[in-house]
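Have a look at the structure below, then the notes.
Throughout, read-outs are computed from the coordinates displayed, never taken from laboratory work. Computed from a predicted model, the values in this text were never measured in an experiment. Methodologically, a virtual Cβ is constructed for each residue, glycine included, from the backbone with ideal geometry; neighbour enumeration extends over all protein chains shown.
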Amino acid sequence: MNGCGHSDLRGTGSKSKDGNTYLIVVENDCDSCPLIVDGSPWKYAIGTPGKVTPGKHTIGSNGGEIFFNIPDGSVYKFNYWGP
């Protein structure tokens, strides 16, 4: 990942200012379903960064799970729930 950012199927990433790793969920797939990240309810509001560990993560809201990776020291904006 360079200073201009990185994009993949599920979202975009850019280098964080403080060197920590963050996830921002841009929208929930199901407004009436709880958002689950790595098996636990996501405690941050939509659009708000939450500190996470780098590496492989799961996200889901209506029964299915999607896998994605977050590089170390980045801010990853998850924005695609499609297939």
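Observations on the model:
- Proximal aspartates and glutamates relative to LYS77, as straight alpha-carbon distance under 13 Å, when same-chain residues fewer than 8 apart are discounted: ASP8, GLU27
- Highest-first arrangement of 17-25, 38-46, where packing means the average Cβ count within 10 Å: 17-25, 38-46
- Mean Cα-pair separation over length for the range 6-78, i.e. relative contact order, pairs under 8 Å, 6 or more apart, %: 45
- Charge context of GLY55, other residues only, Cβ under 12 angstrom, K/R +1, D/E -1: -1
- Answer label, with mean projected area of the Cα convex hull in nm² calculated from the coordinates and candidates (1) 5.4; (2) 15.4; (3) 5.0: (3)
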